[in-house]
Each structure stands twice: as C-alpha cells, then as structure tokens.
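Here is the structure we will look at, set down as structure tokens.
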Amino acid sequence: MASDPNNSSIYWCGGRYYNGSNYVMGVAKSTNGGSSWTRYNLTTSTGFAYAITVDPTSSSIVYAGGNGGLFKTTNGGANWSNITGSVSGTIYAISIDPSDPEVVYAGASGGTYKSTNGGSSWNSLGLSSVKAVLIDPDDPNTIYAGTASGVYKSTQGGSNWNQMNDGLDNTNVTSLGIDPTNYLFCGTDGGSMYRWPFGGPGVVEGTITSHPVLSVYPNPMRKVTKVAYQLKRPAQVKISVYDGQGRLVSHLVNGHKQAGFYSCMWNGKDDKGNDLSSGIYFLRFDADGGSSVSKVVITR
C-alpha cells in the first residue's frame, strides 16, 4: 500500500483480481481516504502487484511492480505502460529519488535496477533477491537494499555496495525503514526486526523475535485503526506503541488473556491523550514468550 505524498486523501494498494478466468495483477486507488476504490488491471495473465509508489512531486505519476512486470501511469491510473525493460524477475520494491523523480530504483528477484529517465530504460546495479530499496532522505546518493543475504549500502547511487550484516541474526531482509538522524530499521522473513544506529558502533541492535502476529487495519490510518490478534493458549499479553526513534508512546494492552480472538482500537494518541503526528510507528506485541513488531503509518 502507498499513500500519495501530494494528497492525504489518495491511497493505492497492489494485489491481484479475479477476471472470470484467472487472478491478474492489478492495483486499486482511493481518492476519499479508503471509503471507495477504483480497480485497474495491469495484466491479462496471472500475476500479483507487490510494490506501488507515487511520485513525490506529482499525484498523476505512479509506479507498480510485481511478478507480471513493472508499470507506470502518468495520468493517475487511467492508462498504464509496461516499462519492465531489462528488469529481471519479480519486482518487490520501487523507490523514487525525492530530489530528482526521474531517478527510480527497483528491487527485484533478479537484482537492483536504476533508471535516470523515469523508467524509460534501466541499468543493473547488481545484488540478487532484493525485497526492499530505500533512499536516504537526507542524501539521495545513499541507497540501502534489503536482500535474502542481508542489508547492503551504497554511497554512490548504487554503483558500489557494502554489506552491513554485523549483528543481523536473520539475513533474509524483506523491509527497510529509516529515521535519518538515528536509525536504519529492517524487518526480516519470520518477523524479526532490527535497527542499526547511525554514528554508533556499526552493529545491528535490538532483535525482536516473532511468534505471535498482529493484524492492523486500516493501515495507513487517519483517526483510528483496529488491532487484532489470536491466542492459542492463555498468556500474558502486552501491546505497546513506539515512535520512529524507539520511544514508547502508548500502552494498548497489558494483562492476562485466555485463548481466543481479541481486538482493540487505537486512536493514534499517546498515553496522555495527545494526537501523535503523521509518521511511522511500531506496535510491539508480546505474548506467550515471543514477540513481534508491526508497522503502522499515521496520516493526518
């Protein structure tokens, strides 16, 4: 899912749709905060859209990628062009340079790719099995890639890569996030989350092991979101909310629960009743000797 940085009422999500004979790769767009959606099929063959990104300077330009290729619209979804070109494999991540939106990075099973002309052509930057690509908002030449073999960093726009896996127990990285003044965050297959402190000793810290799982919907959220979970047996349960700097801002659940399905609503406020600002937050779920972390985005 992607929110439009130019319009807080517009959201995009990727997936697949049944067309009467098979499930085809497609995306959906909402212009009213999720109250209604318009569907756009990208292919006529079986596929799934794993990545979708909106141009930070234009709501009309959107990129979507998956196992059916890489696509671009320049008119808000009315028409789509296949811009896969030399990009190989399933596309899992798309990132646009905020300082120059003609520069686009794609993470795919076949590697990392870069375009300097809005997707008209692509150059391979190496690596393989790339599930996440992140551009440092303070330095667009600094790129991070999350792969099946760990996290890689480039300080030259992808022309070179250095591995940064010290302290990373699980190297199958599937997501990346950043607080540019403090931490690089990464999530891994299996649910563990790690953070790398900038300016620190250069070792990943704070692994969180996953057993229980949270469902958070809607996400991104504006005013309220539903947090749901299941317990297979009685357990002490704690659900806490942290901001992007790792600070505890709210306690949602703290107590003993019997086996069963549970849910609670979070209104995007801290423990003092103050509205939290727009941004990325993390819900930590501790239960039955294990824990997991889910990301939630607030858009005001």
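Taken together, the values in this text are just the output of simple stated rules run on the coordinates, not laboratory data. Keep in mind that what you see is a predicted model, and the values were worked out from it rather than measured. Counting neighbours? That spans all protein chains shown, and the Cβs are built from the backbone with ideal geometry, glycine included.
What list of ³J(HN,Hα) couplings, whole Hz, do you get for region 272-286 from phi and the Karplus terms 6.51, -1.76, 1.60, once you set θ to phi - 60° and write x for glycine and proline?
8, x, 8, 5, 7, 6, 4, x, 9, 10, 10, 9, 9, 10, 10
Any idea what the relative contact order of region 2-208 is, in percent, if you count C-alpha pairs under 8 Å spaced at least 6 apart?
10
Of the residues Asp55, Asp275, Asp179, which exhibits the maximal mean-square fluctuation in a Gaussian network model of the chain defined by a 10 Å Cα contact cut-off?
Largest GNM mean-square fluctuation: Asp275.
Please give the length that would be gained between Tyr23 and Asn79 if that part of the chain were fully extended, namely 0.36 nm times their separation in residues minus their C-alpha to C-alpha distance (nm, one decimal).
18.2 nm
With each label point set 7 Å from Cα along the Cα-Cβ vector, what nm distance links Ser159 and Asp100?
1.1
Could you check the simple spin-label distance between Phe198 and Asn267, using points 7 Å along Cα→Cβ, in nm with one decimal?
Going by the 7 Å Cα→Cβ label model, 3.4 nm.
If you filter region 54-86 for chymotrypsin sites (Phe, Trp or Tyr not before Pro), then keep DSSP loop positions with at most 10 other Cβ within 10 Å, what is left?
none
Once you place label points 7 Å from the Cα toward the Cβ at Thr116 and Lys223, how far apart are they in nm?
Once both label points are built, they end up 4.8 nm from each other.
Picking from Leu248, Val216, Gly65, whose Cα lies most toward the positive end of the charge dipole for the chain (charges on Cβ: Lys, Arg +1; Asp, Glu -1)?
Farthest along the dipole direction, towards plus: Val216.
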